[in-house]
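Encoded as structure tokens, the structure appears first; notes follow it.
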Amino acid sequence: MSRQMMPLPRAGQPESDAAALDARLRDDIRLLGRILGDTVRDQEGAAVFDLVERIRQTSIRFHRDEDKPARRELEAILDGMSTDETVLVVRAFSYFSHLANIAEDQNNIRQMRSQSLEGGARHEGVLAHTLACAREAGFSGAELQAFFDSALVSPVLTAHPTEVRRKSTIDREMEVAFLLDRRERMQLTPDEYEVSEEQLRRAVLTLWQTNLLRRTKLTVLDEVANGLSFYDYAFLREVPRLHCVLEDRLQDASADGASNEMASFLRIGSWIGGDRDGNPFVTADVMRGTLRMQASRVLRYYLDELHELGRELSLAADLTDVSPELRGLAERSADTSPHRRGEPYRLAVSGIYARLSATALKLKADTLRPPYGKAPPYASAAEFSADLDVLHRSLTQNNSEVIARGRLRHLRRAADCFGFHLACLDLRQNSTVHERTIAELLDAAVPGTSYLALSEEARIVVLLRELRSARPLTSPFITYSDETLGELAVFHAAAEAHEMFGPGAIPQCIISMSEGVSDLLEVALLLKEADLVDPTGHSAINIVPLFETIEDLQACAGIMDRLLSLPEYRALVDSRGGLQEVMLGYSDSNKDGGFVTSGWELYKAEIGLVEVFERHQVRLRLFHGRGGSVGRGGGPSYDAILAQPGGAVNGQIRITEQGEIISSKYSNAEVGRNNLEILAAATLEASLLQPRQSAPSLDYLDAMESLSSRAFAAYRNLVYETPGFEDYFWASTVINEISTLNIGSRPASRKKTRRIEDLRAIPWVFSWAQCRVMLPGWYGFGSAVESWIADHPDKGMAFLQELYGEWPFFRMLLSNMDMVLAKSSIAIASRYADLVPDVTLRETIFGRIRSEWHLTIDTLLAIMGQERLLAGNPLLERSIRNRFPYLDPLNHVQVELLKDHRAQGGDEQVLRGIQLTINGISAGLRNSG
Ligand code: PGA
């Protein structure tokens, strides 16, 4: 074991040199690789270790030049392995890639820190930089403050099943990350250094002996618990902290230095425990359980903070003045301890503590802290905040502002951001379920309605009539189906949640697969049954359509136009402060129309919506439903927000954070803060600085329209119009095996069919990623460009290059494609194609995929003016290159296992091996689908 001292970066001499950062990354990867290698050798013997090493070397040769002998050699090695050996090899490569990811994350943190040590506020995505730009553009401090007062930035955590790692694995990996970080930041003595290496070895050995796969299915409440851990890692502290930092910056910027407190604009949203679309396990009771768990977490946090605050605020009444209202609060305190007599702040804090612990009892929250004293519970989080404000005012009025700016300030901000509900939980259900529910209620209440047989227009008439009526639709004397009872119970539970926690607990109801006006009116009517909408036109919840097919995206502006013209619906919008949220689905539109068309139709839909909303003078808030991978709308959030058309951000944005993306963004406080900051900075920039730029010219829009329709035709032709494509897909990918992974509570598909149309977007994208084709992230682009250039020789490539240089939307589209293609490998993909038994089908379809892949890369590089993929993003290029030696072997093993599985049909051990490879490949790609 090394006893040498770890070199520390010297403060004030930041390391900006990419080569130095690179060297550190390599050191970390080597260190962890060495520890894992030692662990494998020690636990499984030298033969297994040597086998792993041989596979790695051969697969590097195969990757480098697709060399034939390497391919044969690899096949021979893999063929000769027993199933037990295969499982060990897969686990070793999986952990290599998990550990390399940790080293890479550490390197990103290092880079982030070195930029800010350089006084690097001048880089994009950092709020200080954006504020500086806004001031340069002429915005005053007061204007910026006003912007944030009406802003909303909300990452929304969902339980989409794409995180393949178990919580136990994530926990150990966070420990490894922590240890690496500590070795770097602290000056360790040789002894401490040795202890640290042993801790690393302990964590790696524990990982090695921990199951990578979950043996049982997750429940929804397990998912809730997993989601809540990110509040511990990041949100509870970082959300308040970001507000405090920003508030200080805005005050510095305001001419008179006036200390106005800014409104809280950052809200964490959640779908976990509220999203029922295709998940029968999310019921009213589960939703109640979710809210209780959320409340428990946040109240525990407040109680802990109050406990600390009570310890800190030992200020004596005879040494500092206090305000009369603080004195009153202290006098009302249930605390009679003689030790605290004469210490009014402590008395006041213990009074607040007692009320809060009574609140926890009332809300049935489990705070792990015993109830304290006798005191009435708070009726609302606002009452709790008001008491904290009393402390704040007394301190600031009596020359102790610096004390008020400590723990108390963060607690006040937390109370404002999280209330008693912690996260804003959205309801979500599929429009067809609402439709069936309404049909059953209406047919029972008004026999002969035959709601399902009515045309859209006739439905609207019936729904509006019912919305105006004071009479409820449901009757206690009618027996309804289980589905209808379940749906009604959810809306009643939402009303109950509003009573208990306030309306912020469940502010939105999302309607997936929205196709028309009636879809929204149906929900309004269901809400009315639970008194969340009343016949006078008041709504306690935002009704939010989710448009997610190409056709629905094309129709959505028209649908919203019609809705906002209906006085009954408009009244509901007005009762919500004149704001209407619209959600856009990135994954399903991609599956429906391909990458280029999905991106383009989303963009156009936004332009259409902005125009309609301006005409109706209603504020539009867009909610972007995107996954982690490019095929599901993923990509850097900052670029995505800035690539929105003018007027589409407008100070308010919600955006989903799903699966593995959640842990990569929010399991470390520093990284979490940075990601929240990126969202806030991009929102500010897109809202205030962007509209001043000119809208894209008609020429650009025309070209894009034409490219999109060509790409659409190419994509639809391959996926939906090629005979046998379905068979090719099911044979050449792990689609069947993905559904056997226990990575989420919801069933993998809605219907039991083999049709691509009926697949959920996640397994579709997931399986193309596993075989390294990544088809949903690029297919159709190459042939679209080729045929467009053939038809527009006058404009040609130079015009597309201009588009790339000038238009953020086009740039983002291409840079996401650049990223996804860099992770693809046509050589590896060819091995998966070999799994298709029908030779003609295999050659025809794989031949098309291969030639489109080459064409797409060639055209992409030509437009971007690059010689190779990711040439403009060396950091990512290196990072992906570092992963190949671990990733590729997993693919090779997966192919062999799939062959065995299909030949033997259903051997459990082999299936487990495949599941392990899926897990390892996802980790290596850093996103699964
Ligand atoms: P959904 O999500 O199937 O839950 O609508 C699709 C996705 O995010 O890929």
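The values are calculated or read from the model by the stated rules, or taken from the named source; none is laboratory data. Predicted, not measured: the structure shown is a model, and the values here were computed from it. Here the Cβ is made from the backbone with ideal geometry for all residues, glycine too, and neighbour counts use every protein chain on show. Accessible surface areas use protein heavy atoms only, side chains included; no ligands, DNA or RNA. Shrake-Rupley method; radii C 1.70, N 1.55, O 1.52, S 1.80 Å.
Working from Cα pairs under 8 Å separated by at least six residues, relative contact order for the stretch 486-689 is 16 percent. In this simple spin-label approximation, Asp699 and Leu452 carry label points 7 Å from Cα along the Cα→Cβ vector, and these lie 5.5 nm apart.
For the stretch 356-475, with equal point scatterers placed on the C-alpha atoms only and solvent neglected, what are the log10 I(q)/I(0) values from the Debye formula at q = 0.11, 0.12, 0.17 1/Å, to two decimals? Each listed q corresponds, in turn, to -0.66, -0.70, -0.89.
Name all residues of the stretch 882-903 having a backbone nitrogen under 20 Å from the label point set 7 Å from the Cα of Arg72 along its Cα→Cβ direction, giving them as ranges. Counting only backbone N, you get 892-893, 896. Would the stretch 779-929 count as rounded, prolate or oblate if I go by the C-alpha gyration tensor, calling it rounded below 1.5 in a/c and otherwise prolate when a/b exceeds b/c, oblate otherwise? Oblate, since a/c reaches 1.5 and b/c is not below a/b.
Where does the Debye-calculated log10 I(q)/I(0) of the stretch 540-587 sit at q = 0.19 Å⁻¹, using only Cα point scatterers of equal weight, no solvent? The computed values of log10 I(q)/I(0) come out as -0.63.
Taking the protein heavy atoms of the chain in the context of the full set of protein chains, the accessible area attributed to carbon and sulfur is 51 percent at 1.4 Å. With contacts taken as Cα pairs under 8 Å at a separation of at least 6 residues, the chain carries a relative contact order of 16 percent. Computed over the stretch 122-268, the Cα gyration tensor eigenvalues convert (square root of 5λ each) into semi-axes of 40, 24, 12 Å, ordered from largest to smallest.
Can you give the relative contact order of the stretch 698-925 as a percent, counting alpha carbon pairs under 8 Å and 6+ residues apart? Please report the intermediate quantities before stating the final value.
Working: 228 pairs, mean separation 52.6, N = 228.
Relative contact order, the stretch 698-925: 23 percent.
Counting only Cβ charges, +1 for Lys and Arg and -1 for Asp and Glu, the dipole size of the stretch 698-925 around its Cα centre is about 860 debye.
Which order do the peptides 538-545, 50-57, 879-886 come out in when sorted by mean C-beta neighbours inside 10 angstrom, highest first? The partial results should precede the final answer.
Details: 538-545: 21.8, 50-57: 17.5, 879-886: 19.5.
Put in order of decreasing packing, that is 538-545, 879-886, 50-57.
For the chain, the residue among Thr206, Leu452, Pro535 whose Cα projects farthest onto the positive side of the dipole built from Cβ charges is Thr206. For the stretch 284-418, the per residue solvent-accessible surface stands at 46 Å², with DNA, RNA and ligands left out and a 1.4 Å probe.
The order of the peptides 448-455, 137-144, 274-281 by mean Cβ neighbours within 10 Å, most packed first, is 274-281, 137-144, 448-455. Evaluating 6.51 cos²θ - 1.76 cosθ + 1.60 at θ = phi - 60° for every residue in the stretch 442-447, the Karplus couplings come out as 5, 5, 6, 6, 10, x Hz, glycine and proline recorded as x. In the context of the full set of protein chains, residues of the stretch 444-486 present 60 Å² of accessible surface per residue (probe radius 1.4 Å, heavy atoms only).
Scalar couplings 3J(HN,Hα) for the stretch 454-471, obtained by applying the Karplus form with A = 6.51, B = -1.76, C = 1.60 to θ = phi - 60°, are 6, 6, 4, 4, 5, 4, 4, 4, 4, 5, 5, 4, 5, 5, 7, 7, 7, 6 Hz; x denotes Gly and Pro.
For the chain, the extents of the C-alpha atoms along the principal axes are 86, 82, 58 Å, listed from largest to smallest. Beta bridges per DSSP, both residues in the chain: antiparallel share near 5 percent.
Take the residue pairs Lys374/Lys528; Lys217/Lys752; Lys217/Lys528; Lys591/Lys752; Lys68/Lys591 and return only those whose Cα atoms are more than 27 Å apart.
On the way: Lys374/Lys528 39 Å; Lys217/Lys752 19 Å; Lys217/Lys528 36 Å; Lys591/Lys752 18 Å; Lys68/Lys591 35 Å.
Those over the limit are Lys374/Lys528; Lys217/Lys528; Lys68/Lys591.
In plain terms, if you count all Cα to Cα distances in the stretch 284-418 and split them into 5 Å steps from zero, the share in each step is 2, 11, 21, 24, 19, 12, 6, 3, 2, 1, 0 percent. The Cα-based radius of gyration of the stretch 461-588, divided by its Kirkwood radius, gives an Rg/Rh of 0.96. This model, with +1 at the C-beta of Lys and Arg and -1 at the C-beta of Asp and Glu, gives the chain a dipole about its Cα centre of some 1700 debye.
Can you list the aspartates and glutamates whose alpha carbon is less than 14 Å from that of Lys604, not counting same-chain residues fewer than 8 positions off? Within the straight-line limit of under 14 Å, Lys604 reaches these aspartates and glutamates: Glu548, Glu551, Asp552, Asp702, Glu705. Ranked by the mean number of other Cβ atoms within 10 Å of their residues, highest first, the peptides 593-600, 863-870 come out as 593-600, 863-870.
Compute and list, largest first, the equivalent-ellipsoid semi-axes of the stretch 780-857 from the alpha carbon gyration tensor, each √(5λ) rounded to a whole angstrom.
After diagonalising the Cα gyration tensor, the semi-axes are 30, 16, 7 Å.
Sorted from greatest to least, the principal axis extents spanned by the alpha carbons of the stretch 589-681 come out as 43, 30, 17 Å.
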